[in-house]
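The values are calculated or read from the model by the stated rules, or taken from the named source; none is laboratory data. Since this is a predicted model, take the numbers as computed values, not measurements. Heads up, the Cβs are rebuilt from the backbone with ideal geometry, glycines too, and the neighbour counts pull from every protein chain shown.
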Amino acid sequence: MNRGDLYRVYKGSAHDPKRFRVFVVISRQVLVDSRFSTVICAPVYSSYDGLSTQIKAGVDEGLKHESSIHCDELVSIPNALLTHYVGSLPFEKMQELDEALRIAVGLD
């Protein structure tokens, strides 16, 4: 598992109407590689509102259709649930993700 990998997760959230949701691993790699049992992830939705905290993603990243990563809705997910690998973000998307995360948490 690597930072920037996308996984399809069953019942991503108790409040999510979908049975499955794709999430992007955003935890730093040292945490992903550690003994901790969870990682921080951002959900992927089919909607895109043009917010600075949303990153477009699509078939190039392994998704079925154009979608967006929502960095304002971070969640901690057990590693054991991240089993259905979908794809990975390329370097350019990772740079966009880093900027969206900085904005989402209010860092300069």
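Tabulated data for the structure shown
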{"item": "Verdict on VAL24 being at pLDDT 95 or above, in contact with a Ser or Thr (Cβ under 8 Å, 6 or more places away or on another chain) and either aliphatic (A, V, I, L, M) or surrounded by fewer than 18 Cβ atoms within 10 Å (Cβ to Cβ) (or both)", "result": "no"}
{"item": "Complete set of residues in segment 56-91 that are of a type outside the set (A, V, I, L, M), in contact (Cβ under 8 Å) with a residue 60 or more places away in the chain and in a helix (DSSP H, G or I)", "result": "ASN79"}
{"item": "Every residue from segment 56-76 that is surrounded by 12 or more Cβ atoms within 10 Å (Cβ to Cβ), at negative phi and of a type in the set (Gly, Ala, Ser)", "result": "ALA57, GLY58, SER67, SER68"}
{"item": "Restricting segment 37-55 to residues that are exposed (fewer than 15 other Cβ atoms within 10 Å of the Cβ) and in contact (Cβ under 8 Å) with a residue 24 or more places away in the chain, the residue that is nearest to LEU101 (Cα to Cα)", "result": "SER52"}
{"item": "Residues that are assigned to a loop (DSSP other than H, G, I, E, B) and under 14 Å from ASN79 (Cβ atoms), drawn from segment 28-55", "result": "ASP33, SER34, ARG35, PHE36, SER37"}
{"item": "Of all residues in segment 77-108 being acidic (Asp, Glu) and either more than 13 Å from the chain's Cα centre (by Cα) or under 25 Å from TYR10 (Cα atoms) (or both), the one that is surrounded by the most Cβ atoms within 10 Å (Cβ to Cβ)", "result": "GLU99"}
